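Written below as structure tokens is the structure these notes are about.
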Amino acid sequence: MTTLTTATTIDEATARTEGALRTVRRGLALSPEFRAGLAGTMLLALIATVGRLVVPVAIQQTVDKGMRGAGSAGGAPDIGFIRNAVLICAVVVVITALSAYAMNVRLYRTTEAGLATLRITAFRHVHDLSMLTQSSERRGALVARVTSDVDQISQFMQWGGLMIIVSIGQLVVASVLMAIYSWPLALMVWLIFLPFAFGLRRLQRVISRAYTGVRERVGDMLAAISESVVGAAAIRAYGAEERTERRVDETVERYRKAQTRAQGLVAMTFPSSELIAAIAIAAVVVVGTLMGVAGHLSAGKLIAFMFLVTLFIGPMQVATEVLNEAQNAIAGWRRVLGVLDTTPDVADPGQDGVELPRGPTEVRFDDVSFAYPGDGGTVLHHVDLTIAPRSRIAIVGETGSGKTTFSKLLTRLMDPSSGRILIDGVPLRDVRFSSLRERVVMVPQDGFLFDATLAANVRYGRPSATDAELAAAFTELGLADWLNGLPRGLDTRVGQRGESLSAGERQLVALARAYIADPDLLVLDEATSAVDPATEVRIQRALDGLTRGRTAVTIAHRLSTAETADEVLVFDRGRIVQRGPHRALVAEPGVYQRLYASWSAHGGIA
Amino acid sequence: MSQRVTSDILRAGLRVLWVAIRTEPRVFAVAVVGSGLYAAATVGTAWVLGRITQNVVLPAFAAGRTTAGALGGAALVIVAVAVLKALGVAGRRFYAGLMQYRLQATYRRAVTRQYLELPLAWHHRHPTGQLLSNANADVEAIWAPIAPLPMAVGVVLMLFIAAAAILATDLLVALVGFLVFPAIAVLNVVYQRRLGPIAARAQQLRAEVSEVAHESFEGGLVIKTLGREQEETDRFATSARRLRDANVSVGKIRGLFDPVLEALPNLGVLAALLVGSIRLEHGAMTAGDLIQVTYLFTLLAWPIRALGWVLAETPRSVVGWDRVRGVLDARGSLPYGAAALTEPGPARLEVRDVRFGHAGGPPVLHDVGFVVEPGRTVAIVGPTGAGKSTLAGVLVRLVDPDSGAVLIDGVDARAAGRGEVPRVASLVAQETFLFDDTVRGNVTLGLDIPDEQVWTALRRAQADGFVTELPAGLDTRIGERGATLSGGQRQRLALARALVRRPRLLVLDDATSSVDPRVEARILRGLREAQATGSGSTVIVIAYRKATIALADEVVYMEHGRIVDQGTHAELLTRSAGYRHLVTAYERAESERAARPERPGRSGQAAGEAESVDAGEEAMAP
């Protein structure tokens, strides 16, 4: 199986090939909230950790010191000391708990705030990517990038980030103490742990790849589930449940396998750290005893050293755990960074861009060609064309002749591969999106509606529109009767993707939505293809009147639109082969005459 | 979602855990054994080190010499215990993970089965993003306590042994120290009660974030063409920030629960020590006893923490369970009968007094009834919103009528066995849904059909031409990603998908609206020719184009969900004003233009457009 690959895809490569530390740094930089009050949180973490370590030791000491002499010699235990020590210990326990609580709350606040920012930034960036790039990734997988991929980071941020710092501190303290007690033994312990550290580093790289695999499988799974939900009607109509079930099962299974694989690798790190720790302790016992026998070490020092080794091993194991968690977070960051690293191929010039004044719009195509990236082939060849202000243009041609590509270039959903497009003399690339989208609006064939009321959907065209203006829009388009026939009028809810309405009705709403936006250039891409003829004629008539002040480009699926246009552009295999008013074109032999004959015979006019 | 009372949460949580254990008993057992081994080896390590110090190290220091055997033996014992510990930790980690992932996969499969099973009406009520969240985040939440569960169960034994030993040593000290248990119980009750509702809210908001994201990405084109990226980002930001706030609320409670749970056993030890010291003073117990009791209490802290991890995850787990059960317990899948539709040749279709309304809404179809004899072509015509597409859905049993029946070859569609209706009847919908698959996969949809027949279907749908030109032909990937096909090309692929099944009843719901009239005519002519040979289908075609309608043997004209008239195209033209008005709209428009060469003025509701567009009865959301 081959895929039509495009250059305009999500940039996974950058985050995947760079070092883990760089990924973490870039990830952290995206959420400045993480750093808020970090010093205070660190201090609390230090208190909580020290408390956690000290409490058991203090209790042990209380028992040992309080009972000293009470055990064998029959001396009395020091009750007073025990009581005081118990009191102090209790205070330490409470302080430890309170610090841990305060630290947790601060961590939850900063990390959740940081992750929300990360989500929102990534979400915005998805919308800034061109339609071509957006459609290169399945929606379920895109959703994962702003939901579960971000969730993966939280565990590490709420626990791991600090623990690794605390653990390093503990390791340093334990190392120094060990060196003070006996530097040869300390050196030996370090040498034993060194290969483990190197091995761990290598293993972490493998674990990192495994977790990245897990994240990718989640994306695949959500894409498959999304397909089974969005395609519910098609699946039922063709009895394709089994096939879809199989597909979903495969992705669920692959996800589970990836998880299990990652878990297997992670599970390997713990026994190896246990074994290394045991080897270190055994070595300390053997070498320490030999040193003692040789008179280089006292028994007390050796026993103390053995305790210090356990202090050294503890943070080592925590660090192992944290590193594993970090790989998981890095995998999440990679997916998010994959979105953010993708530069929009159709970019908004932003503040540097030109703000176009409102008014009648002229469009010029200057030797424009377009080819889809990859091996898509050229779909539009050397289009030269001027659309005069206030003119009404109809575009006709067979399917696949380049009509929709033309409309996408005209509205800058895509940029031409060569040549340029000028709007009122300004290159389209230089026009600010805010200005462009206000002046140029396209109504696509499939008018997607949001799961909201009719009013909310139409108001999407212009958020400031009042209910009266919304109703007026329907009236002016000749759709008042349809609107009034709805049981709840403008308050009718349209359902998921507008599916409570028929395809024709959805087109009516999409049209009203574009109409209320009041653009200077209106592009209709077969926008009334599913509407009945009587309603279409009525809409067409209304638009004829309404478009007088503005420029209108209509991709016509019925030639009746062409008949009323000022000029008809005839597309054939990516070229404009004929242009002129209907009356002239129909008289000259060519593509248009053929299309018209076919339309007359099979389409509208019998 | 109903709020649970506290005792309910814990009970429900235990029930969920029990489900887990029952589903994966073996994996769970291995994980528990692993954690038991780990716990025993950990206690063993301390004991071994003590013994080695006592019996090997100190004598060596005292004597000034030692033997290789003694040292080697000591080292060997230390490493041997560590091997047990390593086995334990690896076993627990791996098998706890395995259990968690297997349960996740099982429930993900079950949830998506339901998605495929539940009727379309249910899907209309549930946003895709939420369903993704149910299958992902909610399933994950349910099984979150599984990771620490084997640990908790494995060390429970330790808890009992230590508790029994403490009891045996000194009753009073034990009782004081055991106050820690009611304290933990109270803490847990408070925790579950406070966290339950907040966790439910957080999980709901998680679904909402996913919902907004999915809808927004799906509407990407509209958002771009209207320049509404900022508004969409604001909408998403609102959801994301609400989730953030809910998560912080969860964090505040959890952030207290964890440290307090850790502090309680320590306080228990201290209380025991205090009471013990008094007992010691009165000579009621020995110092050795007290030392042993404090040691036993420190052993207690471990299982309590492990239990705490499980308890901490319980509220979220129960919330996830409730949300997933909501999907799994949803009813309303179409019931199937046992009848087979085995007649050869084109099907006979009878629609008997069908009434239908979307859940909670007014009826969209009123007493619709007609008969189509085998091999005939019937056109269904009516204004936008007349209920034609709804009727098409009823014909192929995407939905069942509220009353009345659809009979195929005399068999009520509801009595037909599972898979029978899709095998016999194909619907080509108005809007084409392409799967993320190859051209071949999109046509066969999993059926084992030789390429030859796929090509035949593509040819009949006039789609062979452009498929041949695709870079990889039948193997070209299309769907959400991949080849960019025009609307007309997509429609023709969908048609081929129907034709390759050789349906005995073919329902075309405005299925060629984006196809050129000439190509459409060729397609329809092909269908007619097949009918003439007797190998074709009974065809129901919903159309606006007059040429298409004219090909039909009969026309059913609908308005407002009712059949207004029925007859041949010619008959209806003379007898039905509404029909005439609809199908001759273009001609009238042209003749009006011819009469008035000037463009019509600004005319909102042009005079003479008598007939109203139909009320959108379909427009009902519950």
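The values are calculated or read from the model by the stated rules, or taken from the named source; none is laboratory data. Quick caveat: nothing in here was measured; it's all calculated off a predicted structure. Cβ atoms come from the backbone with ideal geometry, glycine included; neighbour counts cover every protein chain shown.
Listed conditions (1) within 14 Å of chain B (Cβ to nearest Cβ); (2) hydroxyl-bearing (Ser, Thr, Tyr); (3) free of Cβ contacts under 8 Å to residues at least 60 places away in the same chain are all met by residue A:386, apart from (1). One residue alone among A:485, A:489 is at the interface with chain B (Cβ under 8 Å from one of its Cβ atoms) and either of a type outside the set (Val, Ile, Thr) or in contact with a Gly (Cβ under 7 Å, 6 or more places away or on another chain) (or both), and that residue is A:485.
For residue A:16, are the conditions met, namely being at negative phi, without any contact (Cβ under 8 Å) to a residue 40 or more places away in the chain and in the same structural domain as residue A:332 (by TED's automatic domain parsing)? Judged against the criteria, residue A:16 is not a match.
Residue B:132 falls short on exactly one of the conditions (1) touching a residue at least 12 places away in the same chain (Cβ under 8 Å); (2) facing another protein chain (nearest Cβ under 10 Å); (3) of a type in the set (A, V, I, L, M, F, W, C); (4) out of contact with any Leu (no Cβ under 8 Å at 6 or more places or on another chain), and that condition is (4). Residue check: residue A:561 meets all listed conditions (1) within 7 Å of chain B (Cβ to nearest Cβ); (2) under 18 Å from residue A:396 (Cα atoms); (3) assigned to a helix (DSSP H, G or I) but one, namely (1).
If you check B:319, B:260, which single one turns out to be at the interface with chain A (Cβ under 7 Å from one of its Cβ atoms), within 30 Å of residue A:110 (Cβ to Cβ) and not hydroxyl-bearing (Ser, Thr, Tyr)? Even if it seems obvious, please write down each step before you answer.
Details: B:319 fails: at the interface with chain A (Cβ under 7 Å from one of its Cβ atoms).
Being at the interface with chain A (Cβ under 7 Å from one of its Cβ atoms), within 30 Å of residue A:110 (Cβ to Cβ) and not hydroxyl-bearing (Ser, Thr, Tyr) holds for just one of B:319, B:260, which is B:260.
Residues of the stretch B:492-518 that are facing chain A (nearest Cβ under 10 Å) and within 13 Å of residue A:530 (Cα to Cα): B:509, B:510, B:513, B:514, B:515. Looking only at residues that are at the interface with chain A (Cβ under 8 Å from one of its Cβ atoms) and among the hydroxyl-bearing types (Ser, Thr, Tyr) in the stretch B:46-86, which one is farthest from residue A:275 (Cα to Cα)? Out of the qualifying residues, it is B:66.
Does the stretch A:37-47 contain any residue that is surrounded by fewer than 20 Cβ atoms within 10 Å (Cβ to Cβ), in a loop (DSSP other than H, G, I, E, B), at pLDDT below 90 and within 37 Å of the chain's Cα centre (by Cα)? Yes - at least one qualifying residue is present in the stretch A:37-47.
Of the helices (runs of 4 or more DSSP H) contained entirely in the stretch B:1-77, those carrying at least 2 residues that are over 34 Å from the mean Cα position of the chain (by Cα) and touching a residue at least 12 places away in the same chain (Cβ under 8 Å) fall at B:25-52.
Results for (1) over 22 Å from residue A:549 (Cα atoms); (2) out of contact with any strand residue (DSSP E or B) (no Cβ under 8 Å at 6 or more places or on another chain), shown as yes or no for each residue.
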residue: A:383; (1), (2): yes, no
residue: A:391; (1), (2): no, no
residue: A:394; (1), (2): no, no
residue: A:402; (1), (2): yes, no
residue: A:410; (1), (2): no, no
residue: A:415; (1), (2): yes, yes
residue: A:420; (1), (2): yes, no
residue: A:430; (1), (2): yes, no
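Considering (1) modelled with pLDDT of 95 or more; (2) at the interface with chain A (Cβ under 7 Å from one of its Cβ atoms), the lone condition that residue B:220 does not fulfil carries the number (1).
Evaluation of residue A:318 against the conditions (1) away from chain B (no Cβ under 12 Å); (2) in a loop (DSSP other than H, G, I, E, B); (3) not charged (D, E, K, R) shows that the sole unmet condition is (2).
For residue A:312, state whether it is out of contact with any strand residue (DSSP E or B) (no Cβ under 6 Å at 6 or more places or on another chain) and surrounded by fewer than 18 Cβ atoms within 10 Å (Cβ to Cβ). No: the conditions fail for residue A:312. Looking for whichever is closer than 28 Å to residue A:601 by Cβ, among the charged types (D, E, K, R) and at pLDDT 85 or above here; the options are A:544, A:525, A:491, A:481. Which one fits? The conditions single out A:525. Number of residues in the stretch A:494-508 that are at pLDDT below 90, in a helix (DSSP H, G or I) and of a type in the set (A, V, I, L, M, F, W, C): the value is 1. Within the stretch B:502-527, the set of residues being over 23 Å from residue B:420 (Cβ atoms), charged (D, E, K, R) and within 42 Å of the chain's Cα centre (by Cα) comprises B:510, B:516, B:520, B:522. Note on the stretch B:520-539: residues that are free of Cβ contacts under 8 Å to residues at least 12 places away in the same chain and not in a helix (DSSP H, G or I) total 0. Among the conditions (1) within 30 Å of residue A:36 (Cβ to Cβ); (2) within 14 Å of chain B (Cβ to nearest Cβ), the only one that residue A:221 does not satisfy is (1). Across the stretch A:193-208, a minimum of one residue is classified as of a type in the set (A, V, I, L, M), in a helix (DSSP H, G or I) and surrounded by 23 or more Cβ atoms within 10 Å (Cβ to Cβ). Checked against (1) within 30 Å of residue B:119 (Cβ to Cβ); (2) outside any loop (DSSP other than H, G, I, E, B); (3) of a type in the set (D, E, K, R); (4) out of contact with any Asp or Glu (no Cβ under 6 Å at 6 or more places or on another chain), residue B:323 passes all but condition (4).
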